[in-house]
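**Student:** Okay, handing you the structure first.
The values are calculated or read from the model by the stated rules, or taken from the named source; none is laboratory data. Remember, it's a predicted structure, so these values are computed and weren't measured experimentally. Please note: Cβ atoms are built from the backbone with ideal geometry, for glycine as well, and neighbour counts cover all protein chains shown.
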There are 2 protein chains.
Amino acid sequence: MTSPEALRRALDGKWRHVREQSRAELAAMDLAYDHALSLDDARSRVLEQLKQLVPTGIPAAGFRRENGGTGDPGMAVTGIEMLAQFDLSLMVKAGVQWGLFGGAIENLGTERHHAMIPDIIDLGLLGCFAMTETGHGSDVQSLETTATFDPATEEFVVHSPTPSSRKDYIGGAASHARVAAVFARLITLGKDHGVHCFVVPIRDENGDDLPGVTTSDCGHKGGLGGVDNGRILFDHVRIPRENLLNRYADVDELGTYSSPIESPGARFFTMIGTLVRGRVSVGGSASAATEVALSIAGRYALQRRQFEGREGEETVLMDYRLHQRRLLPLIATSYAFRFAQNQLVARMHRLQTEPEPDPQQQRELESRAAGLKAMQTEHATRAIQEAREACGGAGYMAENRLTTLKADTDVFTTFEGDNHVLLQLVAKEMLTAYAKEVTGLDPLSMVRFAAESVADIVKERTAAGALIQRLIDARPGGGDEHDLLDRGTQLSLFEDREQHVIETAARRLQRARQEPERSFEIFNEAQDHVLKVGQVHIERVVLEAFTAGIARCEDPEAQELLRDVCSLYALSSIERDKAWFMEHNRLSTERAKQVTVEVNALLEKLRPHTLTLVEGFGVPPSTLNAAMLDT
Amino acid sequence: MTSPEALRRALDGKWRHVREQSRAELAAMDLAYDHALSLDDARSRVLEQLKQLVPTGIPAAGFRRENGGTGDPGMAVTGIEMLAQFDLSLMVKAGVQWGLFGGAIENLGTERHHAMIPDIIDLGLLGCFAMTETGHGSDVQSLETTATFDPATEEFVVHSPTPSSRKDYIGGAASHARVAAVFARLITLGKDHGVHCFVVPIRDENGDDLPGVTTSDCGHKGGLGGVDNGRILFDHVRIPRENLLNRYADVDELGTYSSPIESPGARFFTMIGTLVRGRVSVGGSASAATEVALSIAGRYALQRRQFEGREGEETVLMDYRLHQRRLLPLIATSYAFRFAQNQLVARMHRLQTEPEPDPQQQRELESRAAGLKAMQTEHATRAIQEAREACGGAGYMAENRLTTLKADTDVFTTFEGDNHVLLQLVAKEMLTAYAKEVTGLDPLSMVRFAAESVADIVKERTAAGALIQRLIDARPGGGDEHDLLDRGTQLSLFEDREQHVIETAARRLQRARQEPERSFEIFNEAQDHVLKVGQVHIERVVLEAFTAGIARCEDPEAQELLRDVCSLYALSSIERDKAWFMEHNRLSTERAKQVTVEVNALLEKLRPHTLTLVEGFGVPPSTLNAAMLDT
């Protein structure tokens, strides 16, 4: 049998040492969520837990050396992800303080703001990230809070002009945060320069609201009871001019606005782009929580017996085909996302530690992070729900943790950008790249061009490009009986689907240019098609990351097992989208049926490895925290 | 525009008066769940609320006149369903006391037990329904608790012989229940006669455990905070012989066992069958909660604007195609289930008020109730999740209720029978009917028979048979452009799928008879196929119920709107299962694409009716209890 240790090594990736450190250190900290606590007590407890994290070095890793950190973004993000294995309230609280608030100060601010960072690291200064408003979430450009420059006093006046401009759902705003990074429209000399970020003190040392600031409490939520989400209203709150986080734009004493980036749109997206770590962390944390849920449900399925099967003995749940169908493809998908996440974190780390990151690569990173966050959190919702149901009544008891994992991760699908918005953002990026190439072509040459070149645009985005291409080139002909198990065949099905979906979406949207007065309708009618561009792009990226991850795995037995897991991911994903493949003549009805046959064969083949596979996730049994599991 | 009142009248069904009564009476009762309460306080509050329900007459409706009730099972079930619109803890608590505990006493007991019923109705006697054990949930026949007759004292000795025989998740067992209806293996004179039900006092008047009884608390759960679920262990607890609920089996003074039903299997299923009301109530309640969630999300989608669309104005969420795609098919499905549920309740009412119910009809009722419960609760999980996500961050706040609806209904997919088990039960019923007809045929004639007669078996089960047949016969040829919108076409697609799935499943399982030593494997490999038999059967039943409901609707405008809603249900359901229809040559790739075109056209057509449609559910805005909604 394959050693779970070898699998874990493959999944742990580059920041394995951080994972190992966290596994040991966090397990000693008593982090399990306690449902018996009141909201106030749960929040205080999480704040105390946060303090315990400071000495681990994870918080400092997120900041540059010159600012008092240790400059290891990969470690910072991996550390957050590991917190998600233990308690998601703590993960969010840490993410808000060090990732979002600290990240805004470091990435949008300059030297004068960076002086705060040591206090941010050691929790001497608690902050919050006041972006979302009651009226605007994913559409950050339309935020309404204003910061109007008053040259008389050289101050910005921060104000909430409407009820919908109230800052809302802000982690830390209900009680703990003393300072807020506030996103507001910068107005100076009568001109609105769009959304910028400002440091605004909101509470005094007694925890009371400062003059002009009114905070309130969001109260109970679907989960995350340890996070004090709240609301903030500003009534003409004055802050010094220097509180503008002025890396990308500044206002001088006279109120003159200046920015190194000419276009307001480009400036806005550059600023937002520096905050990419938030989405990387949310996606990774959703995956970590899913791995915990599948570890619990997988182990339970191996101990629980129900209904008589062979020879008068009750059957272990995992021996049922239906149970295998419910859990194993989800486990395979979690493997796939872990490889993709590791790849994403490595890229992010590289770009964020380069002195001059390439803007094109930065944009690709943002798009990848947005898309993976959407797909990982969607998987989390589906997989944790299935894990809970697969454990029956026991799964509904809080002591078995699954309902808490579900409730806590539930918000991930809509925060840090609504998933549907994010996938359209990914699609926009793909379609823009496509449009760039086809601009100026008449419709006929466009079609011809499409047939020849979309392939290249798609492939440009490939990670381990050469390996993938080799596999695709070496794929067997469609006539082979088990060719669907061939990685090249799977990769080419994914790639071909992506090409076709992009090409046809572009053609539909093209019409909007011809009929500008109907452009909203044309976009709107194609919205599900556009969403699919994002989905299938990410699915390909994930399959390629899995493929590359297998190639890097050094243990031959583990590699062998991973190959089957990867095929299960690929084929069950194709199975879910079978209708598309048939409608577009990519699979005949016979081959479509064969997909299901191969999935079932893989389930049977992987069934004996269930325990090994969940052990591969690297969640120590002692930290699963599910009362029903034999220990 | 269609009047929502006319829609509501169509959906309210036969027990409209009960719905109207509940809408008024329950709204006045302050039933909204309060998250600020501790577990103990939440439970006490729900118990107090339960007392308020007694004067409504709903509790009494569930019991026969001769036992002190008013003999209106339809009213009882509808009343429970209405509770689910207000608070699900209260619904479950009421369901346990009057439906499960009271139902066991009335249906499994005889005169001497029926004397308890007036106390059960007015809550003088609080009981619980102790069926599930830690080791056995859906497999009730394998329960381990024993009730051994001791002729010396003429008592039964109730005992939990193993840790897995502990009664678990029992509503009321943690604190409120004084008496339990305990399911245990009846053993007398050394023989095990299988599972029977016994009345066992568990607490004294101070609420302390009686000698030999050890109760404990399940503590926090995923939701349903107001229900005191608990565990019970019995250590040789003695109860009088008369405490056996002896309608279907008795033991005399000497320990001699007797039963009017010869076969132990038939006896068991007859006993369990009398408890069908539990599943009917759970399915209906899941649907009611879903309607509330969709009412909230639908209304929010009509007020919330996000991202600029036409002419510089932000777009109302509901105007986005994607949002329509997310919500409208779910709303249509909820309409469909309401018609199916009304039909089920009417059947149940008829059978339960007949002096001599037909056993075949009773079996069909049980199967229908099991299948609808599975499909309704699966829909609830999916729809409430989508409703929550469709409301973004606001949807995650407890004050907007969606997360509570999700958490509370979550257990419905696995309690009162795990959905996967229930659908297999439905399939078994279908396959048995099929097998009866084909017994004795050799394989060749079987195939021939199949082609001719499966249709009849399927159709026998049809409600408004003649109408349906007329529509199917009158369907246009496949060549018509919009023929997919024809009800006859839709019905025949559903019916044909069901026939084919049953027929092929039967053929696969047939092999188990030929290779008995591989029978477990053969069944297991076909498990997802068998599950599909259950699903597609229920989907057809639901479409037919919708069709019959439209025919009964008296308002022509409402009828017209309902026709489109029904098509959206049918076509979006076909769209989800498109791959099957293509793989089995029921839809060409062109027609498959046309399904999506028609769904999109229906979305556009129904969009202006969104408010009317959610108003049709009949949840008064004042009781939606979602802070974010404009009122």
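**Student:** Take the residues of segment B:297-324 that are assigned to a helix (DSSP H, G or I), among the aliphatic types (A, V, I, L, M) and within 14 Å of another protein chain (Cβ to nearest Cβ): which is surrounded by the most Cβ atoms within 10 Å (Cβ to Cβ)?
**Tutor:** B:ALA297
**Student:** Let me ask another. Residues that are more than 30 Å from A:TYR320 (Cβ to Cβ), in contact (Cβ under 8 Å) with a residue 12 or more places away in the chain and more than 10 Å from every other protein chain (Cβ to nearest Cβ): does segment A:404-411 have at least one?
**Tutor:** Checking segment A:404-411: not a single residue is more than 30 Å from A:TYR320 (Cβ to Cβ), in contact (Cβ under 8 Å) with a residue 12 or more places away in the chain and more than 10 Å from every other protein chain (Cβ to nearest Cβ).
**Student:** Here's something else I'd like to know. Report yes if some residue within segment A:91-105 is closer than 20 Å to A:ALA346 by Cα, touching a Pro at 6+ places or on another chain (Cβ under 7 Å) and in contact (Cβ under 8 Å) with a residue 12 or more places away in the chain; otherwise report no.
**Tutor:** yes
**Student:** Given the criterion buried (at least 18 other Cβ atoms within 10 Å of the Cβ) and in contact with a Lys or Arg (Cβ under 6 Å, 6 or more places away or on another chain), identify the matching residue among B:ALA130, B:ALA94.
**Tutor:** B:ALA130
**Student:** Right, another one. May I ask you to say which residue of B:ALA346, B:ALA286 is surrounded by 23 or more Cβ atoms within 10 Å (Cβ to Cβ) and on the phi < 0 side of the Ramachandran plot?
**Tutor:** Being surrounded by 23 or more Cβ atoms within 10 Å (Cβ to Cβ) and on the phi < 0 side of the Ramachandran plot holds for just one of B:ALA346, B:ALA286, which is B:ALA286.
**Student:** Can you find a residue in segment A:295-318 that is within 20 Å of A:ASN600 (Cα to Cα) and of a type in the set (Phe, Trp, Tyr)?
**Tutor:** Within segment A:295-318 (the criterion being within 20 Å of A:ASN600 (Cα to Cα) and of a type in the set (Phe, Trp, Tyr)), the answer is no, since none of the residues qualifies.
**Student:** Taking segment A:507-537 only, how many residues are in a helix (DSSP H, G or I), of a type in the set (Asp, Glu) and more than 11 Å from every other protein chain (Cβ to nearest Cβ)?
**Tutor:** Looking only at that region, the number is 0.
**Student:** Go through the residues of segment B:562-571 one by one and say whether even a single one is modelled with pLDDT of 95 or more, in contact with a Pro (Cβ under 8 Å, 6 or more places away or on another chain) and crowded, with 19+ Cβ neighbours inside 10 Å.
**Tutor:** Checking segment B:562-571: at least one residue is modelled with pLDDT of 95 or more, in contact with a Pro (Cβ under 8 Å, 6 or more places away or on another chain) and crowded, with 19+ Cβ neighbours inside 10 Å.
**Student:** Can I ask one more? Taking helices (runs of 4 or more DSSP H) that fall entirely within segment B:538-631, which contain at least 1 residues that are within 14 Å of chain A (Cβ to nearest Cβ) and in contact with a Lys or Arg (Cβ under 7 Å, 6 or more places away or on another chain)?
**Tutor:** B:578-583, B:589-606
**Student:** Within segment B:48-62, can you find the residues that are surrounded by fewer than 18 Cβ atoms within 10 Å (Cβ to Cβ) and either within 14 Å of chain A (Cβ to nearest Cβ) or not polar (S, T, N, Q) (or both)?
**Tutor:** Result: B:GLU48, B:LYS51, B:VAL54, B:PRO55.
**Student:** Ok, one more. Taking B:GLU386, is it within 19 Å of B:MET628 (Cβ to Cβ) and charged (D, E, K, R)?
**Tutor:** When the stated conditions are applied, B:GLU386 passes them.
**Student:** Could you list, in sequence order, all residues of segment A:549-567 that are under 23 Å from the mean Cα position of the chain (by Cα) and among the hydrophobic types (A, V, I, L, M, F, W, C)?
**Tutor:** Those that are under 23 Å from the mean Cα position of the chain (by Cα) and among the hydrophobic types (A, V, I, L, M, F, W, C): A:ILE550, A:VAL565, A:CYS566.
**Student:** Mind listing whichever residues of segment B:9-46 are among the hydrophobic types (A, V, I, L, M, F, W, C) and part of a helix (DSSP H, G or I)?
**Tutor:** Scanning segment B:9-46 gives B:ALA10, B:LEU11, B:TRP15, B:VAL18, B:ALA24, B:LEU26, B:ALA27, B:LEU39, B:ALA42, B:VAL46.
**Student:** Quick one: in segment B:108-127, which of the residues that are crowded, with 21+ Cβ neighbours inside 10 Å and either in contact (Cβ under 8 Å) with a residue 60 or more places away in the chain or more than 25 Å from A:ALA394 (Cβ to Cβ) (or both) is nearest to the other protein chains (Cβ to nearest Cβ)?
**Tutor:** B:LEU108
**Student:** Still on this structure, I have one more. For segment B:364-373, state whether one or more residues are under 30 Å from A:THR315 (Cα atoms) and within 12 Å of chain A (Cβ to nearest Cβ).
**Tutor:** no
**Student:** Evaluate the following for A:TYR335: is it touching a helix residue (DSSP H, G or I) at 6+ places or on another chain (Cβ under 6 Å) and free of Cβ contacts under 8 Å to residues at least 24 places away in the same chain?
**Tutor:** Here the answer is no, as A:TYR335 does not meet what is asked.
**Student:** Okay, moving on. How many residues are at negative phi, touching a residue at least 60 places away in the same chain (Cβ under 8 Å) and among the small types (Gly, Ala, Ser) if we restrict to segment A:1-43?
**Tutor:** Here the count works out to 7.
**Student:** Here's another thing I want to ask about it. As an exercise: evaluate B:ASP139 against (1) more than 14 Å from chain A (Cβ to nearest Cβ); (2) within 21 Å of B:PHE268 (Cβ to Cβ); (3) surrounded by fewer than 21 Cβ atoms within 10 Å (Cβ to Cβ) and give the number of the one condition it does not meet.
**Tutor:** Only one criterion in (1) more than 14 Å from chain A (Cβ to nearest Cβ); (2) within 21 Å of B:PHE268 (Cβ to Cβ); (3) surrounded by fewer than 21 Cβ atoms within 10 Å (Cβ to Cβ) is unmet by B:ASP139, namely (1).
**Student:** Considering only residues that are more than 18 Å from A:CYS391 (Cα to Cα) and within 26 Å of the chain's Cα centre (by Cα), look in segment B:144-172 and name the one that is surrounded by the fewest Cβ atoms within 10 Å (Cβ to Cβ).
**Tutor:** B:GLY171
Results for (1) over 23 Å from B:PRO357 (Cα atoms); (2) surrounded by 24 or more Cβ atoms within 10 Å (Cβ to Cβ); (3) within 24 Å of the chain's Cα centre (by Cα), shown as yes or no for each residue.
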{"site": "B:ARG23", "(1), (2), (3)": "yes, no, yes"}
{"site": "B:ALA27", "(1), (2), (3)": "yes, no, no"}
{"site": "B:LEU31", "(1), (2), (3)": "yes, no, yes"}
{"site": "B:VAL46", "(1), (2), (3)": "yes, yes, yes"}
{"site": "B:ARG64", "(1), (2), (3)": "no, no, yes"}
{"site": "B:ASP72", "(1), (2), (3)": "no, no, yes"}
{"site": "B:ALA84", "(1), (2), (3)": "yes, yes, yes"}
{"site": "B:GLY102", "(1), (2), (3)": "no, yes, yes"}
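**Student:** Follow-up. Consider segment A:389-431. How many of its residues are part of a helix (DSSP H, G or I) and over 22 Å from the mean Cα position of the chain (by Cα)?
**Tutor:** Adding up the residues that qualify gives 9.
**Student:** Is it the case that some residue within segment A:241-256 is under 23 Å from A:ILE202 (Cα atoms), within 13 Å of chain B (Cβ to nearest Cβ), touching a residue at least 12 places away in the same chain (Cβ under 8 Å) and hydrophobic (A, V, I, L, M, F, W, C)?
**Tutor:** Taking every residue of segment A:241-256 in turn, none turns out to be under 23 Å from A:ILE202 (Cα atoms), within 13 Å of chain B (Cβ to nearest Cβ), touching a residue at least 12 places away in the same chain (Cβ under 8 Å) and hydrophobic (A, V, I, L, M, F, W, C).
**Student:** When you scan segment B:415-442, how many residues do you find that are at pLDDT 95 or above and under 28 Å from B:ASN625 (Cα atoms)?
**Tutor:** 0
**Student:** Inspect segment B:271-285 for any residue being without any contact (Cβ under 8 Å) to a residue 24 or more places away in the chain and among the polar types (S, T, N, Q) and give the result as yes or no.
**Tutor:** no
**Student:** Name every residue in segment A:173-213 that is farther than 30 Å from A:SER259 by Cβ and surrounded by fewer than 16 Cβ atoms within 10 Å (Cβ to Cβ), in order of residue number.
**Tutor:** Listed by number, the residues that qualify are A:ASP204, A:GLU205, A:ASN206, A:GLY207, A:ASP208, A:ASP209, A:PRO211.
**Student:** Restricting the search to segment B:181-191, which residues are in contact (Cβ under 8 Å) with a residue 12 or more places away in the chain and not hydrophobic (A, V, I, L, M, F, W, C)?
**Tutor:** Matches in segment B:181-191: B:ARG185, B:THR188, B:LYS191.
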